[in-house]
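Below: the structure, in structure tokens.
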Amino acid sequence: MTTDTSSHYPHLMEPLDLGFTTLKNRALMGSMHTGLEDKAKDFPKLAAYFAERARGGVGLMVTGGFAPNVEGWLSPFGSKLSKKSEVKRHLQVTKAVHDEGGKICLQILHAGRYGYSPLCVSASNVKSPISPFKPRALSSKGVYRTIKDYANSAYLAQQAGYDGVEVMGSEGYFINQFLVTHTNKRTDEWGGRFENRMRLPVEIVQSVRDKVGPNFIIIYRLSMLDLIEQGSTWDEVVQLGKAIEAAGATIINTGIGWHEARVPTIATSVPRAAFSWVTERMQNHIDIPIVATNRINDPKVADEIIGSGQSDMVSMARPFLADAEFINKASAGKAHLINTCIGCNQACLDHTFSGKRSTCLVNPRACYETQLNYSPAQTIRKIAVIGAGPAGLSAATILSERGHDVDLFDKAGEIGGQFNIAKKIPGKEEFYETLRYFSHQIEETNVTLKLNTEATAQQLINDGYDDVVLATGIVPRKLTIDGADHPKVLSYIDVVQKNATVGKRVAIIGAGGIGFDVAEFLAQEGESPSLNIEKFNKEWGVDGNYETRGGYGRPDPEGAARQITMLQRKTTKMGKGLGKTTGWIHRAALKMKNVKMVTGVDYTKVDEQGLYFTIHGGEPQLIECDNVVVCAGQLSRRDLLAELEAANIPTHLIGGAHLAGELDAKRAIREGFELASRI
């Protein structure tokens, strides 16, 4: 975890000479679609977003994807750069970045069969499993037209003041769809043998270079590991990489996995720098700079990747959502102050794929730079924040930074609240980083921290606080059936936080996020795969020797530590409420551990034998088990509210105290921020 504050990361901070221009360091802010790209009226917000990150010191940034034509739309009327009339809106973005001393490239992304549009096209009319529309197969004439559209889009980006473009050739988008027989069934000059299938990206790069001239950055995002059956072989990847270099690319960026691949590639359960070995493998074949990517969120890791020769640059996308000052802090030897990306996807990718504006769970200002701001307090107030979970930590540190006199109370012996449960779940070890960040923020902002202290209403009244912020969180909902007090019944807090002894046969009541976390916690044997790349690759079928097409082999997970049955009252699919981009990972992980899932359940009783239930009022059934773990929701804890309000002390509810529901750190941190900016 991030602890090194003495090194200034010389490899990461070394300038990179591209011949016609020099990057001030080796950090690339990778492309992320934020939702601000889709409407002209949002471009001032987009400009502010990029300007803040340019000010934060990143060497080169890449925008979210812009389609080169209507057929390439990600969604109807989404981001596109194909007309002169669209250039003007981009000028405000590039000016804002250049005014802060930064450099920025526009990503040209043709969605192909991934487009959520009836106009979508591809190499062949093979439907994607992740979008509803079957694509039309482009004619040969249509392919040539599309190549011209790429060149035109790059030229317009140049006119708009961008320092270059990134041609998106990975993640299963349009270009990928021509490269592999999985999606390319053509028999013309664009199909059949690999030399034909690779013509499209090579001619796109050649056409772009011819259009923009020599002094313009062209990044090509090369799919180095498809992670799908019938994907590219390693020899094909190398052959394409060499051809792309010869065609005029300036930099080759690494792409990992198609969106439809059944291997996690950027979620928090993926080990840090899990795929840098692929980039290193390509280093032997390419002379232009090459970029490592995916799950790099720590300057020490980034520096080691470059220093060891695995790559010339590193791409970090979400880490710059989490902290725009990432590079400035690292270069100043203050990595302990970096607000680290925890790879949760909850506010970035989940928002993107739900049609919402992206932001960041640990940094709610991300993509809201023109809206979520705070200034020094005009009147200094004495404020008590009760509860040092995510909501309380967010509120207390911002309030104190604004100049208020803030005391932060928690009856526990450590900060973190429910994060102290989350951090123990296999695959969620990054949550330690958020607690490290806030512990330093408490010191930096001069919050007075009072742990092992249970605040009473009378004490708060007597001590003369002007405001009290209740971030007291939740209490787990208890069972109300016969045998609910049986010794074998445990709450999730007993299991995860209090380390209760749990037998080999377990029934879990409740299948929301907490139920899934507890199941993964109890099923895991030994070291978490998220901390061991070899174990991760084995569990998910990543072929580290690249002997299979797409680098995708057969998943071979270790056995489960326990026999687990999860049950829920709802009849809907288990995990339906989990993250849009990560829910499938949790379901697949538990399936690999042979966790049984039962829906539509009515619980009847617990006794020495185990848990009794019925399905749809049918015959009683028994799960023989050693323990029943209750993950059946939460209730808000508001013990102090009535007395404080009776004493006319302004009292504010945030986080779980405001709304229990599923534990939601994204909402909790944002509520803390918004409240603190107002008081």
Report summary line: Residues whose modelled amide H sits under 5 Å from the amide H of Leu36, counting only those 5 or more places away in sequence or on another chain, are Ser358
**Report entry** Exposure proxy order (Cβ contacts within 10 Å, fewest to most) of Arg554, Arg55
**Finding:** Arg554, Arg55
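Based on DSSP, what percent of beta bridges with both residues in the chain are antiparallel, to the nearest 5?
That works out to approximately 20 percent antiparallel.
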Query raised in the report: Could you give the angle, 0 to 90 degrees to the nearest 10, between helix 390-401's Cα long axis and the longest principal axis of the Cα atoms of the chain?
Result: 80 degrees
Query - Ranked by how many other beta carbons lie within 10 Å on average, peptides 156-165, 540-549 from highest - result: 156-165, 540-549
Report task. Quick one: which residues, 5+ away or cross-chain, put their amide H under 5 Å from the amide H of Lys80? H built at 1.01 Å from N. Result -> Ala67
Query raised in the report: How much net charge surrounds Ser170 when only the other residues with a Cβ under 14 Å from the Cβ of Ser170 are counted, with Lys and Arg +1 and Asp and Glu -1?
Result: -4
Query raised in the report: Taking Cα pairs under 8 Å and at least six residues apart, what relative contact order does segment 98-229 come out at, in percent?
Result: 28 percent
**Report entry** Relative contact order (percent, whole number), the chain, Cα cutoff 8 Å, 6+ residue spacing
**Finding:** 13 percent
Query raised in the report: How far apart, in nm, are the 7 Å Cα→Cβ label points at Asn499 and Gln378?
Result: 5.2 nm
Report task. Quick one: dipole size for segment 176-232, taken about the Cα centre, charges +1 on Lys/Arg Cβ and -1 on Asp/Glu Cβ, in debye to the nearest 20. Result -> 80 debye
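Using Cβ counts within 10 Å as a stand-in for footprinting exposure, how do His616, His658, His285 rank, fewest first?
His616, His285, His658
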Query raised in the report: So which aspartates and glutamates can Lys580 reach, going by Cα to Cα under 18 Å and dropping same-chain residues fewer than 8 places off?
Result: Glu171, Glu260, Asp350, Asp517, Glu662, Asp664
Report summary line: Packing-ranked peptide list from 667-678, 433-444, highest mean Cβ count within 10 angstrom first, is 667-678, 433-444
**Report entry** Residue-span extension gain [Thr572 to His98] - 0.36 nm each, minus C-alpha spacing
**Finding:** 165.6 nm
Requested in this report: Mind checking segment 335-429 for trypsin sites (Lys or Arg not before Pro) that DSSP puts in a loop (not H, G, I, E or B) and that have at most 12 other Cβ atoms within 10 Å?
Outcome: Lys356
Query raised in the report: When you count, for each residue, the other Cβ atoms within 10 Å and take the mean per peptide, how do 224-236, 339-351 rank with the highest first?
Result: 339-351, 224-236
Requested in this report: Enumerate the calculated ³J(HN,Hα) couplings along segment 453-459 in order (Karplus 6.51 cos²θ - 1.76 cosθ + 1.60, θ = phi - 60°), each rounded to whole Hz, writing x wherever the residue is Gly or Pro.
Outcome: 10, 9, 6, 10, 4, 5, 4
Query raised in the report: Looking at (i) 75, 66, 45; (ii) 63, 57, 54; (iii) 95, 64, 50, which value of Cα extents along the principal axes in Å comes from a calculation on the structure shown?
Result: (i)
Report summary line: Of all DSSP beta bridges with both partners in segment 10-352, the antiparallel percent, nearest 5, is 5 percent
Requested in this report: For segment 65-158, state which trypsin sites (Lys or Arg not before Pro) are in a DSSP loop and have at most 13 other beta carbons lying within 10 Å of their beta carbon.
Outcome: Lys83
Requested in this report: List the chymotrypsin sites (Phe, Trp or Tyr not before Pro) within segment 83-137 that fall in a DSSP loop (any state other than H, G, I, E or B) and whose Cβ has at most 13 other Cβ atoms within 10 Å.
Outcome: none
Query raised in the report: When Lys and Arg each count +1 and Asp and Glu each count -1, what net charge do the other residues less than 10 Å away from Met597, Cβ to Cβ, add up to?
Result: +4
Query - Stretch gain in nm, segment Glu643-Thr22, where the contour uses 0.36 nm per residue and the Cα spacing is subtracted - result: 217.3 nm
Query raised in the report: On a 0 to 90 degree scale, rounded to 10, what angle separates helix 665-678 from the longest Cα axis of the chain?
Result: 80 degrees
Report task. Sort Tyr220, Tyr173, Tyr155 so the one with the fewest other Cβ atoms within 10 Å of its own Cβ comes first. Result -> Tyr155, Tyr173, Tyr220
Query raised in the report: Long-range amide H contacts for Ala366: which residues qualify at under 5 Å (H placed 1.01 Å from N, peptide plane, sequence gap of 5 or more or a different chain)?
Result: Cys360
Requested in this report: Treating only the Cβ atoms of Lys and Arg (+1) and Asp and Glu (-1) as charged, compute the dipole magnitude of the chain about its Cα centre; round to the nearest 20 debye.
Outcome: 2160 debye
Requested in this report: Give a residue-ordered list of calculated ³J(HN,Hα) values for segment 437-452 (Karplus: 6.51 cos²θ - 1.76 cosθ + 1.60, θ = phi - 60°; whole Hz; x for Gly, Pro).
Outcome: 4, 5, 4, 6, 5, 4, 5, 5, 9, 6, 6, 8, 9, 10, 7, 6
Report task. Quick one: compute the contact order of segment 10-352, relative version, from alpha carbon pairs under 8 angstrom and 6+ residues apart, as a percent. Result -> 16 percent
Query raised in the report: So how far apart, in nm, are the two label points at Asn215 and Leu635 if each is 7 Å from Cα heading toward Cβ?
Result: 7.1 nm
Query raised in the report: Calculated from DSSP H runs of 4 or more alone, at -39500 (n - 2.57) each and per residue, what is the 222 nm mean residue ellipticity of the chain, nearest 500?
Result: -9000 deg cm²/dmol
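If the only charges are +1 at each Lys and Arg Cβ and -1 at each Asp and Glu Cβ, what is the size of the charge dipole of segment 10-352 around the Cα centre, to the nearest 20 debye? Could the numbers behind the result be given before it?
Values: 38 positive and 34 negative charges, 202 e Å.
So the dipole magnitude of segment 10-352 works out to roughly 960 debye.
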Report task. Quick one: angle between helix 43-55 and the longest Cα principal axis of the chain, in degrees between 0 and 90, rounded to 10, please. Result -> 90 degrees
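We did not get these values from a lab; they are worked out from the coordinates using the rules stated. What you see is a predicted model; the values in this text were computed from it and never measured. Methodologically, a virtual Cβ is constructed for each residue, glycine included, from the backbone with ideal geometry; neighbour enumeration extends over all protein chains shown.
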